[in-house]
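So the structure is just underneath, and the comments pick up after that.
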Amino acid sequence: MGCFAFKSGKNKAENQRRRPAGGAKSPAPTSDGTGPTSKASSASTPTRSIQELSEERGAARLRAFGLEELGSATNGFSRSLKVGEGGFGCVYRAFFRSAAGGRVVLAVKRLNQRSLQGHKQWLAEVQFLGVLEHPNLVKLVGYCAEDADADKHRLLVYEFMPNKTLDDHLFSRAYHPLPWRTRLQIMIGAARGLDYLHQGVPEVQVIYRDFKASNVLLDGEFRPKLSDFGLAREGPTDGKTHVSTAVVGTHGYAAPDYIETGHLTVKSDVWGFGVVLYEILTGRRSLDRNRPAEEQKLLGWVRRHPPGGGSFRTIMDPRLGGRYPVAAARETARLADRCLGRNPKERPSMREVAEELERVLQMEPAPTSAPATAKR
């Protein structure tokens, strides 16, 4: 495997000479709403755009990698090192050597050359994750932007997350089922990450726009980190209540008000969070064509078994084996219903969601030892 000396971060002048995507400064996509276009508002007074902040901070924080060194680190982008694949492209485990001689494992995401929107999403990731920093957001280490003949090579280098995604552990039989407390702890961390995006950056508000279980990565201790910021968008400015944009995201997780009007707000993220709350309760995807017709759409099915009803327990994930506090499960479902309110103004903030989940977590004492969650 390609292992070599992992160099320390470049100095600021060096990074400024190697900014992403052709020019003295990082350009921001403006054509279709998938990237930052304007300044945004948050709980405090916004003063800067993501593009401005990226030009100021990203150069100092991100390393510009060469295509050759990333090819070496992934053994020529070997299929044996591929750990995931999505619309953007493939993700590989990459091996580097630290200055001290130890091995450093990172993840390299390589843009699919046939991806029409790929460059804009790549640039959005560089800009947002070059600025944002939180324990519940995946860390972007650097990027690669090299053009050779007709080929445009766009790659991203992240911290490596050994336990893959929440989606894998909820829906794949290759993994032991996640215990109740672990599910709640993961959702609490994800809620904190979204709250940081919505209210935690003084200069700008960020709308994530694609919250789903497959975008929640899990580290070695099953701590969650939000990933894939290619569809993230700056929030409204100048006293506006929403951002008007083309509807993008993942079917089954996008808020109906956003789909119907194109009006994007932080409450659009809250809706997606409510969908995933029901996924952790039921162990079912938001849409599953392999189930009976009346059970294919998760939200339609769970509405027939409300939290206060006698049939509520029938929706719970059978892989939990009944090892969960029923009262806490009901409270979690009630919270999910609030997140899924038809009127976006009535949905809770992500800070309220995190606080409520913390309260639910305390409804039963922590077990002395949690069931195994390792891959079989």
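In segment 163-178 there is at least one residue matching the filter, namely being outside any loop (DSSP other than H, G, I, E, B), under 16 Å from Val216 (Cβ atoms) and among the hydroxyl-bearing types (Ser, Thr, Tyr). Checked against (1) modelled with pLDDT under 95; (2) out of contact with any Pro (no Cβ under 6 Å at 6 or more places or on another chain), Lys120 passes all but a single condition, namely (2).
Whenever a residue of segment 182-195 is not assigned by TED's automatic domain parsing to the domain that holds Leu277, it has no partner that is among the β-branched types (Val, Ile, Thr) and not in a helix (DSSP H, G or I) lying with C-beta atoms less than 6 angstrom away and at least six residues away or across chains. Within segment 202-214, the set of residues being surrounded by fewer than 23 Cβ atoms within 10 Å (Cβ to Cβ) and either in the same structural domain as Gly130 (by TED's automatic domain parsing) or more than 13 Å from the chain's Cα centre (by Cα) (or both) comprises Pro202, Glu203.
Out of all the residues in segment 144-155, is one or more in a loop (DSSP other than H, G, I, E, B), within 17 Å of Gly87 (Cβ to Cβ), free of Cβ contacts under 8 Å to residues at least 24 places away in the same chain and outside the structural domain of Val276 (by TED's automatic domain parsing)? Within segment 144-155, not a single residue is in a loop (DSSP other than H, G, I, E, B), within 17 Å of Gly87 (Cβ to Cβ), free of Cβ contacts under 8 Å to residues at least 24 places away in the same chain and outside the structural domain of Val276 (by TED's automatic domain parsing).
Residues in segment 238-261 that are more than 21 Å from the chain's Cα centre (by Cα) and assigned to a loop (DSSP other than H, G, I, E, B): Asp238, Gly239, Lys240, Thr241, His242.
Screening Gly283, Gly309 for residues that are within 25 Å of the chain's Cα centre (by Cα) and either in the same structural domain as Leu184 (by TED's automatic domain parsing) or at pLDDT 95 or above (or both) leaves exactly one candidate, Gly283. Contact map, segment 288-301: first residue over 12 Å from Val275 (Cβ atoms) and outside the structural domain of Leu340 (by TED's automatic domain parsing), second residue exposed (fewer than 15 other Cβ atoms within 10 Å of the Cβ) and among the aliphatic types (A, V, I, L, M), Cβ cut-off under 8 Å, separation 6 or more or different chains; the map is empty. If the condition is being among the acidic types (Asp, Glu) and either surrounded by fewer than 19 Cβ atoms within 10 Å (Cβ to Cβ) or over 16 Å from Val206 (Cα atoms) (or both), then segment 233-274 contributes Asp238, Asp257, Glu260. Among the residues of segment 79-108, those that are without any contact (Cβ under 8 Å) to a residue 24 or more places away in the chain and over 30 Å from Gly249 (Cβ atoms) comprise Ser80, Ala100, Gly101, Gly102. Looking at Leu226, Leu217, just one residue is touching a Lys or Arg at 6+ places or on another chain (Cβ under 9 Å), of a type in the set (A, V, I, L, M), crowded, with 22+ Cβ neighbours inside 10 Å and under 24 Å from Gly189 (Cβ atoms), and that residue is Leu217.
Taking the numbered list (1) outside any helix (DSSP H, G or I); (2) surrounded by 21 or more Cβ atoms within 10 Å (Cβ to Cβ) in turn, Leu194 passes all entries but (1). The single condition among (1) closer than 23 Å to Leu129 by Cα; (2) modelled with pLDDT under 95; (3) not small (Gly, Ala, Ser) that Asp238 does not meet is (1).
Is it the case that segment 356-368 has a residue that's surrounded by fewer than 21 Cβ atoms within 10 Å (Cβ to Cβ), in contact with a Pro (Cβ under 7 Å, 6 or more places away or on another chain) and at pLDDT below 95? Yes, segment 356-368 has at least one match. Looking at Arg209, is it closer than 26 Å to Arg319 by Cβ and part of a loop (DSSP other than H, G, I, E, B)? In short, no. Of the strands (runs of 3 or more DSSP E) that lie entirely inside segment 82-135, those containing 1 or more residues that are within 15 Å of the chain's Cα centre (by Cα) and of a type in the set (Lys, Arg) span 103-111. When we screen Leu137, Leu106 for residues that are assigned by TED's automatic domain parsing to the domain that holds Glu68 and in contact with a Leu (Cβ under 9 Å, 6 or more places away or on another chain), the only hit is Leu137.
The values are calculated or read from the model by the stated rules, or taken from the named source; none is laboratory data. Every value quoted in this text rests on a predicted model; they were computed, and no experiment measured them. As a convention, Cβ positions derive from the backbone with ideal geometry for all residues, glycine included, and neighbour counts pool all protein chains shown.
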